[in-house]
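One structure below.
Where a number appears in this text, it was derived from the coordinates with a stated rule and is not lab data. Note that the structure is a prediction, hence the values are computed from the model and not measured. Cβ: placed from backbone, ideal geometry, glycine included. Neighbour counts: every protein chain shown.
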Amino acid sequence: MRSGVLFLGTTTIALIASGAANAADLEPQVKLPAKVWSWSGGYIGGHVGGGYGRTSFSNPYGPSIYGGVVDTPVFLAGGQIGYNWQKNGWVFGVELDASGAVSDGTNTCLAASGFVVSANCTAGPNLFATGTGRVGYAFGALGHTLAYLKAGVAWQYNQGNVLNNNEYNGLQPQENTRFDYGQVGDVIGLGVEQALTPAWSVKVEYDYLHFGGPSVATPPTVQLPPLSVLPANTTSLSSNYHIGKIGLNYHFGAVPWVAQWSDAPLYANALAGVPPIAYTAGWSFEGGSRLWLSRGRFQWDLSAISDEIATEDPNILISRLTYHGLDGLSGELFGRLDSPWGVFLKSNVGIGRFDKGKLNDEDWGIPRVSYSNTISGQANGRFTYYTADVGYDFLHGANYKIGGFIGWTYYAQNADTMGCMQIANPIVSCPASADQIVGSQDTQWNAPRVGLSAETMLTEHWRLSTDVAYLPWTDFAGRDHLAPEDYLF
């Protein structure tokens with residue numbers, strides 16, 4: 001099984017309840033500063049993030065009955081450099097960024113019929129770069145918060161394979177078509193950036209990237225019945241990505257180690273005589289509950305044995321189970337404990353259910369059949385999860401904190417498989433009705449995680465927080481119970 005879990009990320013905007021007195025009851029003793037901080041000037045910084053992408057493969061043999069799109073979870077890290085011009089509250093800018101990525105995915109492709117041996121396609125972008133223009137508006141009492149839109153040109157480097165699945169145990173010599181290419185596309189995005197000090201700002205950003213692609217050769221494949229070899233052909237690629245980032249920028253011309261605004265005491269006294277947020281220098285605890293909507297997908301693969309090296313080839317498949325469209329609703333409890341030394345502990349635990357989703361059971365090279373694909377429903381789904389992290393805030397101030405953490409994550413789910421319908425090959429029957437339980441699954445994932453956590457106050461009552469975590473490796477354990485009458489020949 002290839003695990004598609006590379007990162008976990010959450011971003012929340014919270015409304016903070018405040019016990020401060022009404023502004024009408026507190027007459028300011030001094031005037032607000034006449035000069036607000038300006039975003040004008042150059043900056044340089046770094047970012048980490050993640051998301052998911054999709055690389056699509058056209059089918060030269062006709063419309064695909066299944067597959068043709070490879071999902072690619074993405075974790076990335078990189079840097080950016082840019083320049084801003086501010087006029088009143090409006091901010092205009094240009095930015096260049098580049099990221100290295102860890103990403104890979106696999107799915108069935110070239111499945112035009114149950115009488116043709118379809119292929120296993122893989123894709124994995126590992127480099128991204130963008131050049132964009134930005135337009136935004138600075139708000140807040142001193143203009144320290146910037147909301148912006150961006151658009152421009154993007155570039156990616158993508159690589160992968162097109163490899164036929166089991167062809168009747170070597171009836172056709174196995175040929176692997178490998179591709180790698182760079183491609184220019186376009187990007188649009190939006191984000192929020194918060195000035196922490198005159199030198200430093202933190203941003204949270206969402207980007208959508210779209211790329212066309214080249215034509216890639218496909219290997220010859222076997223058709224049965226009637227038995228014949230279909231010659232090599234070509235497939236056209238295209239891809240798009242949804243990426244979330246958290247970034248830290250240094251603004252040229254400011255002293256990097258100055259952690260206070262020159263007007264901070266004046267601003268605080270003018271509003272309420274206290275700092276605008278409740279981040280304390282001692283111990284503090286925050287806890288609560290959340291509801292989440294989610295969608296899940298995973299695969300179990302059974303690989304063929306290569307006659308040449310007498311080992312499994314993970315790209316040549318005999319069978320694959322794909323669970324997808326698992327829409328769930330969960331509730332969780334969360335908490336965070338901060339110490340006076342910048343060390344923090346945080347955790348969440350949740351439970352949920354899902355009654356939607358599909359299972360596609362694919363098989364290749366079985367007697368008299370090139371390709372079989374049955375589809376079933378998912379019901380009675382339940383899942384549980386938790387994370388536990390320990391970290392350190394390496395940047396912090398009166399209204400922000402940024403830290404790194406390490407921890408552990410656990411996820412488990414079980415569900416029943418309902419009904420069975422053949423969608424590829426009429427020679428293979430699948431007699432189960434839609435309300436008949438034909439199997440069940442139990443799965444568990446355990447993984448270490450490393451990441452970044454950031455919080456900042458946008459106004460006196462609104463706080464923006466985000467977590468990005470990378471899972472270096474994932475331990476998977478699962479059991480699939482399918483009824484023996486799943487297939488009748």
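Some observations on this one:
- Sorting Lys346, Lys358 by the number of Cβ atoms found within 10 Å of their own Cβ, with the fewest placed first, yields Lys358, Lys346.
- For region 93-210: rounded, prolate or oblate by the Cα gyration tensor [a/c cutoff 1.5]: prolate
- Residues whose placed amide H lies under 5 Å from that of Gly105, excluding near-sequence neighbours: Ala123
- Annotation: extensible slack from Val229 through Asn380 equals 50.0 nm (criterion: 0.36 nm per residue apart, minus Cα-Cα distance).
- Electrostatic tally near Lys150: other residues with Cβ closer than 12 Å to its Cβ, Lys and Arg +1, Asp and Glu -1, net -3.
- Förster radius 60 Å - calculated FRET efficiency between Leu329 and Ser40 (Cβ-Cβ, nearest 0.05): 0.85
- Mean separation of Cα contacts under 8 Å (6+ apart) over length of region 133-235, as relative contact order %: 24 percent
- About its Cα centre, region 96-180 has a charge dipole of approximately 380 debye under the convention of +1 per Lys or Arg Cβ and -1 per Asp or Glu Cβ, with nothing else charged.
- Pairwise label distance in nanometres, Val390 with Val343, each label 7 Å out on the Cα-Cβ vector: 0.7 nm
- Quotient of C-alpha Rg and 2.2 N^0.38 Å, computed over region 329-458: 1.62
- Pairs spanning more than 27 Å between alpha-carbon atoms, out of Lys150/Lys356; Lys150/Lys346; Lys245/Lys401; Lys203/Lys358; Lys150/Lys358: Lys150/Lys356; Lys150/Lys346; Lys203/Lys358; Lys150/Lys358.
- For Glu332, Glu205, order by how many other beta-carbon atoms lie within 10 Å, fewest first: Glu332, Glu205
- Extending 7 Å from the Cα toward the beta-carbon at both Ala477 and Ala217 defines two label points whose distance is 4.6 nm.
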